[in-house]
Amino acid sequence: MAAKRRSPKVSEHDFEALDRLAHSITLDKLRPLTPAMRRRWEAAKRGRPKKAPGTKAVPTLITVEPTLLRRIDAYVKKAGISRSQLFADAVRERIGAARPKRKAG
């Protein structure tokens, strides 16, 4: 079995090496994606969570502890979803699962 050819590892901070790598890519080296590569490409694409037609998404800033944010990022990477999708799912579950308690007053 032939060994897979891998692109050379280049540090994103080594601009000369990045430039050499970019110039080494020519049209004769490019080819269409195989079905397996296409599946990996589609699986890797992430973005905003899907919403029902006609609904609007509203950007919302929230504050999260750094340690919790690291856990969130690790989870969404493993789950293959976005942060927005995780938060939206969690809020839907929380709101649907329990009614808020009214304050006595």
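Between A52, A57, the distinction of being surrounded by 10 or more Cβ atoms within 10 Å (Cβ to Cβ), in a loop (DSSP other than H, G, I, E, B), modelled with pLDDT under 85 and aliphatic (A, V, I, L, M) belongs to A57 only. Note on segment 61-93: residues that are under 18 Å from A43 (Cβ atoms) and β-branched (V, I, T) total 2. If only residues of segment 67-80 that are at pLDDT 95 or above and surrounded by fewer than 10 Cβ atoms within 10 Å (Cβ to Cβ) are counted, the one that is farthest from V91 (Cα to Cα) is T67. Here E12 qualifies as exposed (fewer than 10 other Cβ atoms within 10 Å of the Cβ), acidic (D, E) and modelled with pLDDT under 85. Among residues of segment 22-49 that are modelled with pLDDT under 85, those with a Cβ under 8 angstrom from a residue that is hydroxyl-bearing (S, T, Y) and not in a helix (DSSP H, G or I), sequence gap 6+ or separate chain, pair up as R46/S82; G47/S82; R48/S82; P49/S82.
The values are calculated or read from the model by the stated rules, or taken from the named source; none is laboratory data. Since this is a predicted model, take the numbers as computed values, not measurements. Here the Cβ is made from the backbone with ideal geometry for all residues, glycine too, and neighbour counts use every protein chain on show.
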